[in-house]
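Chemist: Structure provided below as structure tokens; questions to follow.
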């Protein structure tokens, strides 16, 4: 791929626990990924992002890291990572490593020393504070994203430590220079090993308001523990300096390394400040997944992103979000709508991030209470189902109790659609994804970034991308005819046709045309 490959790369997220299990313990691993790389080659993606595979007690399934420069034995070892990296590079695939700089595990050596010896310098790497009411109450009223208070008491010292997620995920204090220096070494460790880039977890959350004052008790989008809003908790002015520092490190390596941030802020003007020539290369555009089905809403979201970023990322699903087939209505309707929106996003400038299983048309799984594992489920007393439903294992085969994912007992149950959506059945959605990505790749280098919107009916989204690619998405309940000349390159549903400067687009589908 060319320099600045990340600008239009299609990136495939692998949730390591659920991709492929090579040793029969029911949990996916690095070797499982390596042996299934050809699926990604056949699909036509450019890079894979692997969720955390570090040593961890798994309070949050790997996002509670006990050692940032090693591999959890459940997932393999450093040699297994090296084999995966080499095999991916041999196939022309880039590998993006997931970093978790907001917090460590409570089992990390830094935190264990901080608790064992309150006078230790490691104590200063975390946010330990005296409580209120003689130490009986937390220092403030902050709540955890997973539910409940964001503070836990260290009984030995009587102080409280901050954890914006699970109590086993104590937040680091990024106002401490030692934290910065330690993380410079972590970046260099993986860059020296050959990683092509980093996905940065909770990139907007590293700094907290220095005052640690109470939050206003007002309704927030997503509920009291929501990961959006919260001006004292997220998006402090100092945070982008961390990424300026990290950009100098990544830029010092050859091979055009990159960083993409999980900046869960719905105001794109705020997200913009994280991205630039001296900061992050990309930030996830979460406004897309929050956009309802409908041409006007989708156009508004796309226009905002194109105006804000050069170019944007496009995110419909990931390991934290309800699968988009379900969000779009479920079943055949949800799959049609999901394919239509995916095709429209793939026609745009920028970098689409796909989530494992969406290419199979998987729906959100209904995980029974006794099989749930997400800390959100437990910290809310079962009031919030959590994220298990989008994390169930990939069905590689239609037959067999392990569906080709494992020879053992899977850590989460398969979804009800496992047999009908298995890879070896080549479901229609998979065929469509392969076709879309193949055509997209064939156009690489011939298209510019300018997008011109075409006049259409209210239920139709249509644009022409510089270079002659025309995309028409029909969100109406019936077929529509649209004035657009060109040869059909692909259609996400049967019944599309083009003749005499008019293209017929079936309901809930997208058509690509190339101007003659």
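The values are calculated or read from the model by the stated rules, or taken from the named source; none is laboratory data. Being a predicted model, the structure only gives us computed values, none of them experimental. Counting neighbours? That spans all protein chains shown, and the Cβs are built from the backbone with ideal geometry, glycine included.
Chemist: So which of 339, 298, 348 ends up being touching a strand residue (DSSP E or B) at 6+ places or on another chain (Cβ under 8 Å), buried (at least 21 other Cβ atoms within 10 Å of the Cβ), assigned to a helix (DSSP H, G or I) and assigned by TED's automatic domain parsing to the domain that holds residue 193? Full working, then the answer.
Modeler: Numbers: 298 fails: buried (at least 21 other Cβ atoms within 10 Å of the Cβ); 348 fails: assigned to a helix (DSSP H, G or I).
Being touching a strand residue (DSSP E or B) at 6+ places or on another chain (Cβ under 8 Å), buried (at least 21 other Cβ atoms within 10 Å of the Cβ), assigned to a helix (DSSP H, G or I) and assigned by TED's automatic domain parsing to the domain that holds residue 193 holds for just one of 339, 298, 348, which is 339.
Chemist: Tell me yes or no: at least one residue of region 382-399 is outside any loop (DSSP other than H, G, I, E, B) and at pLDDT below 95. Break it down into steps so the answer makes sense when it comes.
Modeler: Start the filter on region 382-399 by keeping residues that are outside any loop (DSSP other than H, G, I, E, B), which leaves 388-390.
Now narrow it down to the ones that are at pLDDT below 95: none.
No, region 382-399 contains no residue that is outside any loop (DSSP other than H, G, I, E, B) and at pLDDT below 95.
Conditions tested, residue by residue: (1) surrounded by 15 or more Cβ atoms within 10 Å (Cβ to Cβ); (2) touching a residue at least 40 places away in the same chain (Cβ under 8 Å); (3) at negative phi.
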site: 483; (1), (2), (3): no, no, yes
site: 492; (1), (2), (3): yes, yes, yes
site: 501; (1), (2), (3): no, no, no
site: 504; (1), (2), (3): yes, no, yes
site: 511; (1), (2), (3): yes, yes, yes
site: 515; (1), (2), (3): no, yes, yes
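Chemist: Regarding residue 50, is this residue farther than 18 Å from residue 21 by Cα and either crowded, with 22+ Cβ neighbours inside 10 Å or within 18 Å of the chain's Cα centre (by Cα) (or both)? Write out each step before concluding.
Modeler: Numbers: farther than 18 Å from residue 21 by Cα: no; either crowded, with 22+ Cβ neighbours inside 10 Å or within 18 Å of the chain's Cα centre (by Cα) (or both): yes.
Criteria not met by residue 50.
Chemist: When you scan region 358-373, how many residues do you find that are assigned to a loop (DSSP other than H, G, I, E, B) and without any contact (Cβ under 8 Å) to a residue 40 or more places away in the chain? Give the steps one after another, and end with the answer.
Modeler: At the first step, the residues of region 358-373 found to be assigned to a loop (DSSP other than H, G, I, E, B) are 361-368, 372-373.
Imposing the further condition that a residue be without any contact (Cβ under 8 Å) to a residue 40 or more places away in the chain reduces the set to 372.
Counting residues in region 358-373 that are assigned to a loop (DSSP other than H, G, I, E, B) and without any contact (Cβ under 8 Å) to a residue 40 or more places away in the chain gives 1.
Chemist: When region 93-130 is examined, which residues are found to be over 30 Å from residue 50 (Cα atoms), part of a loop (DSSP other than H, G, I, E, B) and out of contact with any helix residue (DSSP H, G or I) (no Cβ under 8 Å at 6 or more places or on another chain)?
Modeler: 118, 119, 130, listed by residue number.
Chemist: Out of the residues in region 448-476 that are buried (at least 19 other Cβ atoms within 10 Å of the Cβ) and assigned to a loop (DSSP other than H, G, I, E, B), state the one that is nearest to the chain's Cα centre (by Cα).
Modeler: In this case the residue turns out to be 475.
Chemist: Hey, could you check region 1-27 for residues that are out of contact with any strand residue (DSSP E or B) (no Cβ under 9 Å at 6 or more places or on another chain) and more than 24 Å from residue 426 (Cβ to Cβ) and say which is surrounded by the most Cβ atoms within 10 Å (Cβ to Cβ)?
Modeler: Here the residue is 17.
Chemist: I'd like the full set of residues that are touching a helix residue (DSSP H, G or I) at 6+ places or on another chain (Cβ under 6 Å) and over 17 Å from residue 236 (Cα atoms), limited to region 180-207.
Modeler: At the first step, the residues of region 180-207 found to be touching a helix residue (DSSP H, G or I) at 6+ places or on another chain (Cβ under 6 Å) are 187, 194, 206-207.
Those that are touching a helix residue (DSSP H, G or I) at 6+ places or on another chain (Cβ under 6 Å) and over 17 Å from residue 236 (Cα atoms): 187, 194.
Chemist: Of all residues in region 425-447, which are assigned to a loop (DSSP other than H, G, I, E, B) and either touching a helix residue (DSSP H, G or I) at 6+ places or on another chain (Cβ under 6 Å) or closer than 23 Å to residue 295 by Cα (or both)? Even if it seems obvious, please write down each step before you answer.
Modeler: Here is the first cut: in region 425-447, the ones assigned to a loop (DSSP other than H, G, I, E, B) are 426-427, 444-447.
Of everything in region 425-447, just one residue is assigned to a loop (DSSP other than H, G, I, E, B) and either touching a helix residue (DSSP H, G or I) at 6+ places or on another chain (Cβ under 6 Å) or closer than 23 Å to residue 295 by Cα (or both), namely 427.
Chemist: Moving on. May I ask you to verify whether residue 431 is assigned by TED's automatic domain parsing to the domain that holds residue 44, surrounded by fewer than 19 Cβ atoms within 10 Å (Cβ to Cβ) and modelled with pLDDT of 95 or more? If you could, list the steps in order and put the result at the bottom.
Modeler: Values: assigned by TED's automatic domain parsing to the domain that holds residue 44: yes; surrounded by fewer than 19 Cβ atoms within 10 Å (Cβ to Cβ): yes; modelled with pLDDT of 95 or more: yes.
Yes, satisfied.
Chemist: Restricting to region 288-323, give me the number of residues that are within 30 Å of residue 416 (Cα to Cα) and under 13 Å from the mean Cα position of the chain (by Cα).
Modeler: 12
Chemist: Also: Going through 66, 20, 9, 88 one at a time, which residue ends up being outside any loop (DSSP other than H, G, I, E, B) and either in contact with a helix residue (DSSP H, G or I) (Cβ under 9 Å, 6 or more places away or on another chain) or under 24 Å from residue 390 (Cβ atoms) (or both)?
Modeler: Working: 66 fails: outside any loop (DSSP other than H, G, I, E, B); 20 fails: outside any loop (DSSP other than H, G, I, E, B); 9 fails: outside any loop (DSSP other than H, G, I, E, B).
Exactly one residue qualifies, and that residue is 88.
Chemist: While we're on this one: Sort out which residues of region 186-209 are assigned to a helix (DSSP H, G or I) and either touching a residue at least 24 places away in the same chain (Cβ under 8 Å) or within 20 Å of residue 170 (Cβ to Cβ) (or both), and write them in order of number.
Modeler: Applying the first criterion (assigned to a helix (DSSP H, G or I)) to region 186-209 yields 186-193.
Passing the criteria: 186, 187, 188, 189, 190, 191, 193.
Chemist: Keeping to region 238-284, report how many residues are assigned to a loop (DSSP other than H, G, I, E, B) and in contact with a strand residue (DSSP E or B) (Cβ under 6 Å, 6 or more places away or on another chain). If you could, list the steps in order and put the result at the bottom.
Modeler: First pass over region 238-284, keeping only residues assigned to a loop (DSSP other than H, G, I, E, B): 238, 252-257, 262-267, 273-274, 276-279, 281, 284.
Next cut, in contact with a strand residue (DSSP E or B) (Cβ under 6 Å, 6 or more places away or on another chain) only: 257, 263, 274, 281, 284.
Number of matching residues: 5.
Chemist: Also, I was wondering about something else. Kindly evaluate residue 401 against the criterion of being surrounded by fewer than 23 Cβ atoms within 10 Å (Cβ to Cβ), more than 30 Å from residue 309 (Cα to Cα) and out of contact with any helix residue (DSSP H, G or I) (no Cβ under 7 Å at 6 or more places or on another chain). I'd like the intermediate steps shown before the answer.
Modeler: On the way: surrounded by fewer than 23 Cβ atoms within 10 Å (Cβ to Cβ): yes; more than 30 Å from residue 309 (Cα to Cα): yes; out of contact with any helix residue (DSSP H, G or I) (no Cβ under 7 Å at 6 or more places or on another chain): yes.
So residue 401 passes the test.
Chemist: Within region 171-201, how many residues turn out to be more than 19 Å from residue 252 (Cα to Cα) and touching a strand residue (DSSP E or B) at 6+ places or on another chain (Cβ under 8 Å)?
Modeler: Of region 171-201, the ones more than 19 Å from residue 252 (Cα to Cα) are 171-179, 201.
So of that shortlist, the ones also touching a strand residue (DSSP E or B) at 6+ places or on another chain (Cβ under 8 Å) come out as 171-173, 179, 201.
Residues that pass the stated criteria total 5.
Chemist: For region 477-506, name all the residues that are assigned to a loop (DSSP other than H, G, I, E, B) and either assigned by TED's automatic domain parsing to the domain that holds residue 335 or out of contact with any helix residue (DSSP H, G or I) (no Cβ under 8 Å at 6 or more places or on another chain) (or both). Can you show your working first?
Modeler: In the first step, residues of region 477-506 are kept if they are assigned to a loop (DSSP other than H, G, I, E, B); the result is 477-479, 484-486, 492-496, 500-501, 506.
Of everything in region 477-506, those that are assigned to a loop (DSSP other than H, G, I, E, B) and either assigned by TED's automatic domain parsing to the domain that holds residue 335 or out of contact with any helix residue (DSSP H, G or I) (no Cβ under 8 Å at 6 or more places or on another chain) (or both) turn out to be 477, 478, 479, 484, 485, 486, 494, 495, 496, 500, 501, 506.
Chemist: While we're on this one: Anything in region 28-47 that is surrounded by 23 or more Cβ atoms within 10 Å (Cβ to Cβ) and out of contact with any strand residue (DSSP E or B) (no Cβ under 9 Å at 6 or more places or on another chain)? List them, or say none.
Modeler: Selection gives 29, 32.
Chemist: Turning to a different aspect of this structure: Going by the conditions given, is residue 261 surrounded by 14 or more Cβ atoms within 10 Å (Cβ to Cβ), modelled with pLDDT of 95 or more, in the same structural domain as residue 313 (by TED's automatic domain parsing) and touching a helix residue (DSSP H, G or I) at 6+ places or on another chain (Cβ under 6 Å)? Before you say what the answer is, go through the steps one by one.
Modeler: Numbers: surrounded by 14 or more Cβ atoms within 10 Å (Cβ to Cβ): yes; modelled with pLDDT of 95 or more: yes; in the same structural domain as residue 313 (by TED's automatic domain parsing): yes; touching a helix residue (DSSP H, G or I) at 6+ places or on another chain (Cβ under 6 Å): no.
It is false that residue 261 is surrounded by 14 or more Cβ atoms within 10 Å (Cβ to Cβ), modelled with pLDDT of 95 or more, in the same structural domain as residue 313 (by TED's automatic domain parsing) and touching a helix residue (DSSP H, G or I) at 6+ places or on another chain (Cβ under 6 Å).
Chemist: Going by the structure shown, is residue 415 within 30 Å of residue 29 (Cβ to Cβ) and crowded, with 20+ Cβ neighbours inside 10 Å? Even if it seems obvious, please write down each step before you answer.
Modeler: On the way: within 30 Å of residue 29 (Cβ to Cβ): yes; crowded, with 20+ Cβ neighbours inside 10 Å: yes.
Yes.
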